[in-house]
1. Check the cysteines of chain D one by one and keep only those with no other cysteine Cβ under 4.7 Å from their own.
2. Work out the count of Lys pairs in the range B:2-216 where the Cα-Cα distance is under 25 Å, with the pair 8 or more places apart or on different chains.
3. For the range A:446-540, with only Lys/Arg (+1) and Asp/Glu (-1) charged at the beta-carbon, what is the dipole magnitude about the Cα centre, in debye rounded to 20?
4. Of all trypsin sites (Lys or Arg not before Pro) in the range A:444-538, which ones are in loop regions per DSSP and have a Cβ with at most 15 other Cβ atoms within 10 Å?
5. Where in chain C are the DSSP H helices whose C-alpha atoms run 27 Å or more along the long axis and whose mean Kyte hydropathy is at least 1.0?
6. Explain nothing, just compute: Karplus ³J(HN,Hα) = 6.51 cos²θ - 1.76 cosθ + 1.60, θ = phi - 60°, for every residue of the range A:452-459 in order, whole Hz, x for Gly and Pro.
7. Helix check for chain B. Which DSSP H runs span at least 30 Å along their own axis by Cα, with a mean Kyte-Doolittle hydropathy no less than -1.0?
8. How large is the Kirkwood hydrodynamic radius of the range D:1-153, counting all unique pairs of alpha carbons, in Å?
Amino acid sequence: MMKISRRQFLGATAAVTAGAGLFSFEMLTKLDPASAAADNSETKQFRNVCPRNCYDTCGQISFVQDGMLKKVDGDPKHGYTNGRLCVKGYTYTRRVYSPDRIKYPMKQMPRGSGNWTRISWDEAMDTIAKKILDLKKRYGSTLPICFDKYSGNFGILHYAADGTMSSIGYTTRAVGTPCWPAGIDAQTYDFGTLYNNDPEDMVNTKYLILWGQNLAWTAIHSLPFAQKARENGAKLVVIDPILTSTASKADLYIQIKPSTDGALALGMARYILDNNWVDWDYARANSVGFDEWIDYLKNNVTLDWAASKTGVPKEIIMEIAREYATSKPASMWVGYGMQRHTNGGQNVRIIDALGVMTGNVGKSGGGVNYGQLETWGFNYGAMSYSAPKGSRGIVGANGKEGDRSININNFAHDVMAQQDPPVKMLWLACRNPGGQDPDTHAIEKMFASMEFVVSVDSFFNKTVQMSDIVLPATTHFENWDVNASYWHYWIGINEMAIQPMYESKSDLEIAMLLSKKMNALEAGSCTYPTSGSEQEWLAKEFNAALNASLGISNYKELSNGPRKVKMPPAAWSDGKFRTPSKKIEIHSNQAEKNGLPALPIWVEEMKAPEKYPVRLMTPHPQLGLHSQFQNLDWMMAANPEPKLEIHPNLAAKYGIQEGDKVKVFNDLGDITLKAHLTRTTSENVVVSYEAWYNKSNYNVNYTVKAIPSDMGKQATGNNGLAFHDNFVDLQKV
Amino acid sequence: MTEVLRIDLPNESVAHFKEIASVLLALSRVFSHGGESLDKTLPMMVKTCHQLGEYYPELLSMSAELENHSLLNEIEQQQLCFEFNRLFIGPTPPIAPPYESVYLSQDQLVMQEQTVKVRSLYQDENLMVISQGKNPDDFMATELEFAAYLLRNADKEAMQNKGLNRLKYYELYTEFSQEHLRKWLPKFVERVHQKANHPVFPMLMDVLLCTIELPLQQRRNV
Amino acid sequence: MGTMEWPLVLFTVLGETAIGIIFVLWWLDRAEVDPIFYKKAALLSGLLLALALIASLFHLGRPEYAYRAVSHLSTSWLSREILCFLFAAVAWLYFYSQVRQPKGKRRLAAGITSTFGLLGIFSSSMIYVLPRVPAWDSVQTPLFFLLTTGLLGGLTCLVLGRKTLKLSQLQELLLIVFTCVLVSILSFAIYLSMLNTAGMEGMSTVQFLLASPLFWLRVVANWLLPLILLVTYFSKQKTINANLVIMLFIACSIGELLGRALFYLSAVGISITALK
Amino acid sequence: MNKQLGFLHNSEKCVGCRGCEMACKNLYQTDISQRWRQVFQIDENAYPLPSRMFISIGCNHCSEPQCMKVCPVGAYTKRDDGIVIHDDNRCIGCRLCVMACPYGRPQFNSVINIVQKCNLCYQRVDKGEKPACVASCVAGALELVQINSSLDAKTGVLKTLPGLPSPSITNPSIRFVGPKQGKQVRRD
């Protein structure tokens, strides 16, 4: 009656077939004294870098005993994070050794059924490679394959996932970034790129405005520098619609109407102008279009207008305008929250202009600080491989064939809209659109329309649930890598502290494995190299310029501790801006060309529709980073369920009391959660933090529409998302 | 240890270590070869149970029931495989992860002190896990293989020419099962009993619990 | 709010009943007492004491190390309680050996046993006199425990001796019971009013009790019903009706068990009230 | 007692990041149920303006530790430096200390059936290191200090904060710097 298995799973089944009488080992083997000695009980330390999408990108020390990760601590040699981690960083052992981790390549038949079969890496690669080749044959190109990767792991070697795709041909790429592109473009139009002062330089400021920035939750390691500045006499102002933990510590907190930050900055600018606190020399010498903007201020902006627009009293606008303009140097930190609006980029441009007008740009202790990519001078060797000869793609503006790009921020709709050829297969790496993309219902529909979905992940989330094949990803303790921050100037090496658990592999290994398989099936079908150790690949990411800026001759020196890139403490202190005019472009022709106002002038904010009068803001959570961390048991114990922060006055209107279940809905969908009455939010704004709770279908994105913000296309390929222009109604359940 | 050495080995005619070892080995294969190979590992498991069942009627009835469930058509086999993965493998958070430290360590994680303890037991026998550091040493299949190995070495017939101290192996088995298998398997089995959607798995669990006890029962008989 | 502590409810109520029986025996022994009744009661007290001690083990996380619990006599009332109860248990063995001997010194033995027992009950109550728990932190707690001892000890003896004890002895016992019920009612009324002024935690205990159907069941079983039965009896003053005794016993037993369960359930400790 | 080690928590600096809480769990790899150190948010109505203000509480190593007093097995000892240590090996899990402590710091671990609590990282302290919570505090809001009259004499040092039990119960070895409220421009 016994059937012959179609799959010779896990190789030979000798012991089984040989019969009950014989004993043979399959799991155990003769002790190898060398490896026994290697995994001894002495505690070894390794250098790691937290690779999450976070300002702080902490230097870590992992403690390994018997080949097992025992605890993770901060790296004292890291000058920005200074030997301390955050609440998330201290939970890593739970992540690495969670019994819930995805351990093996698995196949789901049919997709979404929950019927999973374990497959070998070989079978996984075979299935995927054959599917790619099959699609290529059917459609004449690899364009039906769509790749979506973002910020699950920002390690440089993880760009190998991008390399996987570029090496098989021209594919469809999710292009853009959801988080911060409007602000990036604003700074690109103004200065040529985004470039913030060294955050450690914050200690030198005399006046600090955190504009929509909650460092207590999202950049805790900047706190000591801000504190130091305050000890030296600096005043801390926080402008935020939500009274955050950071705002609670401010000398002055301003509860602004959401999306009206530009109006506040314009009001300040007008008052500064009226009192002639303008640094005319700096502004006229370093920018173009400044006087044109001054005319706009004179003709179009009044303090009364700004006060009524923003909900901030006139006297307060005058107060902060005076203080900001007369405290030298004064610094502004523009958070990513405030640009997630339909006029978000424009608001950042106005704030930039405020910095220019007061001569705070290019100064230590000053700056309009948003983020930077100056320290990311790697070779990106893992990423870029040319398509195989004869590959067909989309003819671009330059007349050459290339990838087809679609908007990462309207992913579901854009994927489904592709016709010639349609998208048939998804490859997801470092990304969980099921949890994080707007309009979850559309995402579900789009996934359902695919022929084939591959995801690479460590935990079973909504995206994995909608996949055909899931490949187990390593954690950052299980692979080599190198990481830079988009905020501080440090670069650290990430050493392999423990072996990859079970059958997990890094994106780099997966890239090489797939290439091997594709070439075996059809020679020349993939250009990705098929060999090289992770360390060899790592070495290739460094170049002379990068080494010089770090003061090292070899990347291995980073094993002695992270290094800070040698740059002046103040961005733009050399005055060499990277705009077409080489000056700060208060008047930006580029912006104008892209259909935006040339000047940093007021653009109306999005108003609440009548049907959905309440704004639902979904900022970053404290105990998680997007869909990471909150699902871990320690986090669940500290924060077992999501809550809706609602102002008592608004709650009273709906008859909602503390702890009541509230349905939050709009025409896209709904979520139901417990109410927490608090005056830390505004009367017409409810707040719930985006996060993936373990064993919960809670997901704020069921109600979030993919509304684009005004900017992002210039520098990142697509506009960002106006996450915070999300309007709902409430109902007590 | 001195106290342990005073105990005699069970009478050879009632010990059946070889047969018990075979059942344990077959159980090990059920876990190491996974849900995808149940079509092979289950019948083998049933066969070994039959042989041992000659001496233990309770086991015979268990294996007879298992046999009914192991002769399945392809679709049923597949359902069995899905259920196996849901219970033990993933990618959804498995109901009963087959690793000792998940049940006994304070943290309920893999790679904890229990893992190190069984590793050192293996090392005492000059053995190690094939993929040490990747797969936890206290993985179900590995522990069962080790248990089978100890019992085989305690078996007279197998060892007669090797001059091994059979008593030592019997005591090692006793120690290993008391310190490890008997501590965590009941908790593991309970989860399977509570959440399994297919009767094969609770049955398999019963065989597992019953079999690891057999050598110890004999010790009491001495 | 507190938690349901079955092991502790059983341990305290059964233990107090046992000691109460022995104490009553010592008390009755001033005059001649029916020997069969005495023996039965003595045996029952031992049984209850044993049950109580076993029940107490179920409260421990690691009962196998229960013996350690006597090692901190200097400040721990729990240590003292256990020591006293252990002495009481040993004394009971001596007591029972004396009961079995025709000329045994049973009165002395009963005296020793009940002394240890009463000390044990007192210690037991002092465990709960915690500054953190306003509902427990008063002289009421030892009083409640001692009242249970008198009430259930007296009632058990009444039930056992309802046919064999002399009328005067039965009346004496009924008087003890009546006194206990009266004191219990009065002291509880004082307790509630005091508690209501003892801060937020005390008030929430009062609110919990008044809102709990179990509490009102206790009011009926422990106080109202016994009060009516006893007042009716004393106002008529005729022979003792066996049914009356059994009804009293059942009502008060239920009442006391409920009362003790509520004692644990209604405890509200002072704690951090800031948001978690 | 000559010395009394304790904590000084600065609510003015604390942003409630919970780093201390997790650093403690990371070092001792404690069970899910155990939160030896825990961050609490002060009721936003306790001060004139609503705001997010926090208290971080571990074991307070009280001068009059109720836990130690009620423990029947003597599992608690108070060292000369004032640290109250719970000996897990002696504990029989009677939970009286859990009842006695107003701060909820001895916590019953139902996996191993005993009570556990913060021992102020005394092994680290003995080596001259800071406790894990103090060492991890990015805001510098948590300090290990000697509790004495000169500390209490300092201006701004408080014995309690809103939401905490009266210090008269156990005389806890913790002092606070109260939260400071800035100016708020509100729309309600």
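1. So far as the 4.7 Å Cβ criterion goes, D:Cys14, D:Cys17, D:Cys24, D:Cys62, D:Cys71, D:Cys91, D:Cys94, D:Cys101, D:Cys121, D:Cys137 stand without a partner in chain D.
2. So the count of such lysine pairs works out to 18.
3. Dipole magnitude for the range A:446-540 comes out near 100 debye.
4. none
5. Span-like helices here: C:6-28, C:35-57, C:140-160, C:167-195, C:242-265.
6. 7, 10, 10, 10, 10, 7, 9, 10
7. Working: long enough: B:200-221 (31 Å, 0.48).
Qualifying helices, which must be both long enough and hydrophobic enough, are B:200-221.
8. Values: mean 1/r = 0.0615 Å⁻¹.
For the range D:1-153, the Kirkwood estimate is 16.3 Å.
All of the numbers you see were taken from the coordinates with simple rules; none came from a lab. This structure is a prediction, so every number in the text was calculated from the model and none was measured. Here the Cβ is made from the backbone with ideal geometry for all residues, glycine too, and neighbour counts use every protein chain on show.
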